[in-house]
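Q: This is the structure I have questions about; it appears just below.
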Number of protein chains: 2
Amino acid sequence: MPSYKAPVRDLQFVIHELLSLTGQTELTGFDEVTPDLVDAILAEGAKLTEEVLHPLNLPGDEEGCHWDNGNVITPKGFKDAYKLYKDGGWQGMTSNPDHGGQGMPQTLGLAISEMMIAANWGFAMYPGLTKGATEALEVHASDDIKNKYLPNMVSGEWSGTMNLTEPQCGTDLGLIRTKAVPQSDGSYKLTGTKIFISAGEHDLTDNIIHLVLARLPDAPEGIKGISLFVVPKMLVNDDGSLGGRNGVQCARIEEKMGIHSNATCVLNYDDAQGWLIGEANKGMRAMFTMMNEARLGVALQGLAIAEVAYQNAAAYAKDRIQGRALTGPQDTAKPADPIIVHPDVRRMLMTIRAFNEGTRALALWTGLQADITRRHPDAAARQTALDMLSLMTPVAKSYLTDKGFEATNLALQCLGGHGYIREWGMEQFVRDARIAMIYEGTNGVQAMDLIGRKLPADGGRSVRAYFALVQDFITAEKDTAEMTEFTAPLGKSLQQLQQATMWLMQHGMKNPDNAGAGAHDYLNLMALVTLGWLWARMAKTAQAQLAAGTSETEFYTNKLQTARFYFARVLPETATHLARVESGADPVMALAADAF
Amino acid sequence: MPSYKAPVRDLQFVIHELLSLTGQTELTGFDEVTPDLVDAILAEGAKLTEEVLHPLNLPGDEEGCHWDNGNVITPKGFKDAYKLYKDGGWQGMTSNPDHGGQGMPQTLGLAISEMMIAANWGFAMYPGLTKGATEALEVHASDDIKNKYLPNMVSGEWSGTMNLTEPQCGTDLGLIRTKAVPQSDGSYKLTGTKIFISAGEHDLTDNIIHLVLARLPDAPEGIKGISLFVVPKMLVNDDGSLGGRNGVQCARIEEKMGIHSNATCVLNYDDAQGWLIGEANKGMRAMFTMMNEARLGVALQGLAIAEVAYQNAAAYAKDRIQGRALTGPQDTAKPADPIIVHPDVRRMLMTIRAFNEGTRALALWTGLQADITRRHPDAAARQTALDMLSLMTPVAKSYLTDKGFEATNLALQCLGGHGYIREWGMEQFVRDARIAMIYEGTNGVQAMDLIGRKLPADGGRSVRAYFALVQDFITAEKDTAEMTEFTAPLGKSLQQLQQATMWLMQHGMKNPDNAGAGAHDYLNLMALVTLGWLWARMAKTAQAQLAAGTSETEFYTNKLQTARFYFARVLPETATHLARVESGADPVMALAADAF
């Protein structure tokens, strides 16, 4: 059985030392967020995830969900665990106090989410989807609807889902066919089939609040004719009590590669009663509120699964003896050395470690941008943070899930044959990790979002601000000799990114396929530069602590060494990405479609 | 349900046009191998694999193997399919005619193996293991033992296995504990537990011939005290009839990530009767005969699974409509274009295609080296071929399985959410593909084999010959203007490989961890150069055909374009690998073991 220990110290490092979260007292409500409170929440989160959620992870995968005549039963133990989660008040931690939330920072919410996903991905998806639906209602719904649904969603009494995909329609939501027919009472009757609905039906809550994209009878064709509706599984009476069953049924749960403990449902809507959220035909806007939130959550999944996989790979590598160190036997009392002595095992572990610590900084930094976006008193500061958040959302979603999957596979590899056997749990991590590259917009869609929407938006304001952010750091450190080993390669990779940006601007105009063919590599180049910037900042923080005579010498020295690994072994990939971007569309698009 | 079509035309291109296999009449027995015969065998192989084996692949994964009190039942349909395979004479295709084989080229055997694995990996492993065991007996066993076992193994009447791993012992075979006690009749009694034994027990054949590593009572410690034994499941009488059951039992089959239709067994040996193969305490040598053969077979698995995954991803991408081409709608009669219009989908498909066609050339080229090694009349030619084969075996095993897994994941990605659902079959390909990076020596072990054994062997003779091979091609083409686009980048990457080789020689002496830390990247660098050389050769072949006015314009144009994709998009990775090699051991080894 695998084990999990929440990386509390490293989360503290990022939250307190790198981001100075609790020092940002200009943010509304942050004066109540003290370091002690943050630490207490992290400690409680660690307890819940290590002791309650993680032990259910492997059995939950083995058992999976059961479909029984439209009802779905979650794996053994999930109901009790959910009750603990709900009673602990975790669901509303970052939600609006107006509806019972605790108004804690999003940054802290992401830290707890990392723990939950790492401990039990399939379980974490149930409350995670509720959170996304909560946000969408919070921003777009009328007060009546908010008051009707939000308190019970914020408390975790009810859960939420998002319903986009249909059999003929995934990425291209303009193809949606589900119909919503207006009724005389102001509600709508929805009819259609939605597929791939995560947590679409289950036994954890008494009600499930579905947010559903559908088309009004007179809607324009395509994406401009999509509206968003709230459709509760159980109708809710005016006094808040549960009424009858609504016309939505779970026809089937999908058999899939992983995340077996989360029910992926086919939902049939048959004259189901729903209510419009926001304006008619403007559903995509509301859905994107949910989606952007969800995309950061998915990015976090890439990190979380790599963290738990790393921990188990490291434990195995320290325990399993096989062969001798190349530099001579290390443990002569035993017939072989632990495999962690082997450089190739170290290479794999260090690759995952550098990924985990770097992307943790990135994820929490995006969380801070989300907090600034919502709480900063200054409009310009809010706008800058929103720009950075919008730019980084596709980068984080794609890079963290692609490389998180790779990291999880490296972790499996450390166990050799045992990694392939179910009981060790590593192969579950790989199977679970695979979905994150696909859902909430495939990683190809993320790359197109980056180059097609985020780069050109507002005349390139975001990307210019981003370049300035990285360049300003390099400039500020230019006289710091001990930072040169980090800022020199960072500067070089930033130049490569700028060169790639110029290339896309020049050649993407002429032929948009030039942009499309380079999108994935451009995104990865930007991710590498961003992580380089964060690693350089972390190295600086560590150097300062070491210079000041910290008692945690080992922690900061390891941080510095891991930074060095990143610059020596990971950042050099930028050259390949630049070469690929600059090779343009021709090699990619040369063949006729029927040649494939 | 996925489908499979054997890539006969591309196999013919490599066999006939690139390698001129049937033109190598100086090789013993090759005068009988006519182009017509090769084509007929390829056509028959395609029929068997497309029509018989592939339809059993997905159901075989779903059903898996059943353990019942020591017996193992293979999935429905496997017995009938095996009978067809056996009756078709496929098992002995490349085996020695002395024992009933047909003496066909190894190169052709690899082509058929590719089809079998692509169509049904789990099934293909049963006869694949027999083949490995057959080779080991052929080379190392006494005539008595050969006569007793080989005819029935070559005919497919009986199957074979290799028994290395024990619970405490995987890579480090010096830790083997299974005991072999000599008996007065010249046989031995074996006792111990072997794990991860593929095809260790099943119902396809009446007997299973286990080749087992064990330790004699007076054996030296470690790797120098390992001997190889043949241990049949059913004892064989002197007249060749089956006798009683031997003392080997299948205690359990493992639950694992993939290859569910192949039984991975725990075998308990309890005074099982066995016979020594080759010399006492020299078992590793015999096992390596089997292992090298098996490693090329595993390399092929990486290609085969990527090929079937590619075919299904391409079919989906041409069929599924979603969104519009960036350059404007392509099919205005439909509400959206097929997703193959999107450059990022093309990027994924072209990446897999370039991998498949390039590594097919590599795999069959190694097959030709194996044929030359066995059949060339000139000892020097045999030695050179053996040098190339030895050098390329770890490179092919590691690179083809690492990148084959990546390619299979790219293929899954083309299907979006459907790729994650079982019924589409893509996720099975990914789960199956994952094992190849581990078994027959993890890919980390392959990298150490390359830099620790193969590079320094005979004063670096192999690698020097390899450099000359690539350089001679570049030199020969230096005045061919239309080849410059290929030879220029190939020359650059060859220089990078030579630079990395120099670096390893200089710094590996000083600290062997420098070599170990760079081994994986060095191996990948060599693989990329090798594929570059083969792609350049294929481009030249295609150019010649086009210049000669071939009727297959499309085939050769596509080949040329895919070559261009390789040079534009894949080969540039060499720069990163070189940078990693030259960064040495420090970033990798800096942390204390207990920091992980």
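Q: Just give me the residues in the range A:262-295 being among the aliphatic types (A, V, I, L, M) and within 29 Å of A:D144 (Cβ to Cβ), in sequence order.
A: A:L267, A:A272, A:L276, A:I277, A:A280, A:M284, A:A286, A:M287, A:M290, A:M291, A:A294
Q: Of the residues B:R320, B:R324, only one is open to solvent by 10 Å² or more (accessible area, probe 1.4 Å) and in contact with a strand residue (DSSP E or B) (Cβ under 7 Å, 6 or more places away or on another chain); which? Talk me through it step by step, then tell me what you get.
A: Values: B:R324 fails: in contact with a strand residue (DSSP E or B) (Cβ under 7 Å, 6 or more places away or on another chain).
Only one candidate passes the filter, namely B:R320.
Q: Cβ-Cβ below 9 Å, separation at least six or inter-chain, first residue in the range A:5-30 and free of Cβ contacts under 8 Å to residues at least 12 places away in the same chain, second buried (at least 19 other Cβ atoms within 10 Å of the Cβ) and not aromatic (F, W, Y): which pairs?
A: A:T25/A:V33
Q: Can I ask one more? Restricting to the range A:333-379, count the residues that are of a type in the set (K, R), open to solvent by less than 20 Å² (accessible area, probe 1.4 Å) and under 27 Å from B:A515 (Cβ atoms).
A: Adding up the residues that qualify gives 1.
Q: When you look at B:M483, is it away from every other protein chain (no Cβ under 11 Å), modelled with pLDDT under 95 and in a helix (DSSP H, G or I), yes or no? So that I can check it myself, show each step before the final result.
A: Working: away from every other protein chain (no Cβ under 11 Å): yes; modelled with pLDDT under 95: no; in a helix (DSSP H, G or I): yes.
In short, no.
Q: Please go through the range B:366-401 and give me each residue that is over 20 Å from B:E135 (Cα atoms) and of a type outside the set (A, V, I, L, M), ordered by number.
A: B:P377, B:D378, B:T384, B:S398, B:Y399, B:T401 - these are the residues of the range B:366-401 that are over 20 Å from B:E135 (Cα atoms) and of a type outside the set (A, V, I, L, M).
Q: Just give me the residues in the range A:445-456 being part of a helix (DSSP H, G or I) and either among the hydroxyl-bearing types (S, T, Y) or within 19 Å of A:W503 (Cα to Cα) (or both), in sequence order.
A: A:A447, A:M448, A:D449, A:L450, A:I451, A:G452, A:R453, A:K454
Q: Here are the criteria: (1) open to solvent by 70 Å² or more (accessible area, probe 1.4 Å); (2) in contact (Cβ under 8 Å) with a residue 40 or more places away in the chain. Tell me which single one A:L42 does not satisfy.
A: (1)
Q: Before we move on, is B:L303 under 30 Å from B:T393 (Cα atoms) and touching a Ser or Thr at 6+ places or on another chain (Cβ under 7 Å)?
A: Judged against the criteria, B:L303 is a match.
Q: Hey, another quick one. I need a count of the residues in the range A:235-253 that are within 14 Å of chain B (Cβ to nearest Cβ) and surrounded by fewer than 21 Cβ atoms within 10 Å (Cβ to Cβ).
A: Within the range A:235-253, residues that are within 14 Å of chain B (Cβ to nearest Cβ) and surrounded by fewer than 21 Cβ atoms within 10 Å (Cβ to Cβ) number 1.
Q: Failed condition for A:Y399, given (1) under 27 Å from B:D432 (Cα atoms); (2) within 14 Å of chain B (Cβ to nearest Cβ), with all others met?
A: All conditions pass for A:Y399, except number (2).
Q: What number of residues in the range A:127-163 are assigned to a helix (DSSP H, G or I) and more than 22 Å from the chain's Cα centre (by Cα)?
A: 11
Q: If you don't mind, another one. Report yes if A:R382 is of a type in the set (K, R) and crowded, with 23+ Cβ neighbours inside 10 Å, otherwise no.
A: no
Q: In the range B:481-499, which residue that is touching a residue at least 12 places away in the same chain (Cβ under 8 Å) and among the polar types (S, T, N, Q) is surrounded by the most Cβ atoms within 10 Å (Cβ to Cβ)?
A: B:S493
Q: Next up: Kindly check whether there is at least one residue in the range B:384-400 that is without any contact (Cβ under 8 Å) to a residue 40 or more places away in the chain, in a helix (DSSP H, G or I) and within 27 Å of A:I340 (Cβ to Cβ).
A: No, the conditions are met nowhere in the range B:384-400.
Q: If the requirement is being within 14 Å of chain A (Cβ to nearest Cβ) and out of contact with any Asp or Glu (no Cβ under 7 Å at 6 or more places or on another chain), which of these qualifies: B:R464, B:R453?
A: B:R453
Q: Follow-up question, since we're still on this one. So, in the range B:263-285, exactly how many residues are surrounded by fewer than 24 Cβ atoms within 10 Å (Cβ to Cβ) and part of a helix (DSSP H, G or I)?
A: Result for the range B:263-285: 2.
Q: Okay, next question. Please specify each residue of the range B:19-36 satisfying the condition of being within 24 Å of the chain's Cα centre (by Cα) and open to solvent by 40 Å² or more (accessible area, probe 1.4 Å).
A: B:S20
Q: Taking the range A:410-422, which residues are facing another protein chain (nearest Cβ under 7 Å) and open to solvent by 30 Å² or more (accessible area, probe 1.4 Å)?
A: A:R422, the sole residue that qualifies.
Q: Scan the range A:62-85 and give yes if some residue there is buried (at least 24 other Cβ atoms within 10 Å of the Cβ), touching a residue at least 24 places away in the same chain (Cβ under 8 Å) and of a type in the set (D, E, K, R), otherwise no.
A: No.
Q: For the range A:326-338, how many residues are more than 8 Å from chain B (Cβ to nearest Cβ) and under 39 Å from the mean Cα position of the chain (by Cα)?
A: Total satisfying the criteria: 1.
Q: Given the conditions (1) basic (K, R); (2) under 23 Å from A:K148 (Cβ atoms); (3) touching a residue at least 60 places away in the same chain (Cβ under 8 Å), which single one is not true for A:R252?
A: Failed condition: (2).
Q: Still on this structure: Please enumerate the residues belonging to the range B:537-584 that are closer than 30 Å to A:A313 by Cα, under 30 Å from the mean Cα position of the chain (by Cα) and within 7 Å of chain A (Cβ to nearest Cβ).
A: B:E573, B:A575, B:T576, B:A579, B:R580
Q: For the range B:524-559, give me each residue that is polar (S, T, N, Q) and crowded, with 21+ Cβ neighbours inside 10 Å.
A: Scanning the range B:524-559 gives B:N524, B:T530.
Q: Those residues that are more than 7 Å from every other protein chain (Cβ to nearest Cβ) and not in a helix (DSSP H, G or I), I need them from the range B:430-444; list them, please.
A: Correct list: B:E440, B:G441.
Q: If you don't mind, there's one more thing I want to ask. Suppose the filter is crowded, with 21+ Cβ neighbours inside 10 Å and under 19 Å from B:F288 (Cα atoms); does B:T161 pass it?
A: Here the answer is yes, as B:T161 does meet what is asked.
Q: While we're looking at this one, here's another question. I'm told B:M125 meets every condition in (1) closer than 26 Å to B:G45 by Cα; (2) in contact with a helix residue (DSSP H, G or I) (Cβ under 8 Å, 6 or more places away or on another chain); (3) of a type in the set (A, V, I, L, M, F, W, C) except one. Can you identify the failing condition by its number?
A: (2)
Q: Mind checking which strands (runs of 3 or more DSSP E) fall wholly inside the range A:164-219 and carry at least 2 residues that are modelled with pLDDT of 95 or more and open to solvent by 50 Å² or more (accessible area, probe 1.4 Å)? Walk me through how you get there before you give the answer.
A: Working: elements: A:179-182, A:188-198, A:208-214.
Qualifying strands (runs of 3 or more DSSP E): A:179-182, A:188-198.
Q: Still on this structure: Of the numbered conditions (1) closer than 23 Å to A:H376 by Cα; (2) in a helix (DSSP H, G or I); (3) at pLDDT 95 or above, A:K47 fails exactly one; give the number of that condition.
A: (1)
The values are calculated or read from the model by the stated rules, or taken from the named source; none is laboratory data. All of these numbers come straight from a predicted model, not from anything done at the bench. Methodologically, a virtual Cβ is constructed for each residue, glycine included, from the backbone with ideal geometry; neighbour enumeration extends over all protein chains shown. Ligands, DNA and RNA are stripped out before the accessible areas are found, and what is left, the full protein with its side chains, is counted by its heavy atoms. Shrake-Rupley method; radii C 1.70, N 1.55, O 1.52, S 1.80 Å.
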